[in-house]
Structures are given as structure tokens and as C-alpha cells.
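The values are calculated or read from the model by the stated rules, or taken from the named source; none is laboratory data. Since the structure is predicted, the reported quantities are computational estimates derived from the model, not experimental observations. Every residue, glycine among them, receives a Cβ derived from its backbone with ideal geometry; neighbour counts consider all protein chains shown.
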Amino acid sequence: MLDVVFFTVMPTFGGPLALLVLELLILIPLAKRMGMQEIAQILSSVLHRMAGKAGDSN
């Protein structure tokens with residue numbers, strides 16, 4: 001629910017992307033702790049893919 005508030009307040013496209021990365025950094029360890037290894041692997045691969053695309057553009 002807070003994402004909707006943050007997305008409407010942030011004027012640029014980069015803000016929501018940064019918020020997504022921060023949420024993934026929280027969700028990956030939480031998924032591992034809760035015993036959801038498959039979800040943790042999926043989230044980790046998404047984060048690595050996003051980092052790879054960001055690294056390729058530089």
C-alpha cells in the first residue's frame with residue numbers, strides 16, 4: 001500500500017526503480033528465512049538481471 005503513495009510522490013522513473021531494488025534486498029533474505037528457497041532464487045535472479053542491465057548501460 002505504501003508503494004502507491006511513494007509512486008505518486010516520486011516525479012521521476014528512477015525513484016520507483018530504486019524502491020523496487022530496496023524491497024528486493026529485504027524480500028530475498030526474508031524468503032530464505034521463511035524456507036522459500038525457490039522464491040529466494042527467483043528474486044535473486046531478478047535482482048542480478050536488473051544489476052546486469054544497469055551495468056551494461058554504463
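Laid out as a table, the results:
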quantity: Where a residue in the stretch 32-55 is touching a residue at least 24 places away in the same chain (Cβ under 8 Å) and its partner, wherever it lies, is assigned to a helix (DSSP H, G or I), with Cβ under 6 Å and at least six apart; calculated: Leu47/Leu24
quantity: Extreme residue, modelled with the highest pLDDT, among residues of the stretch 27-58 that are within 26 Å of Gly14 (Cβ to Cβ) and not in a helix (DSSP H, G or I); calculated: Ser57
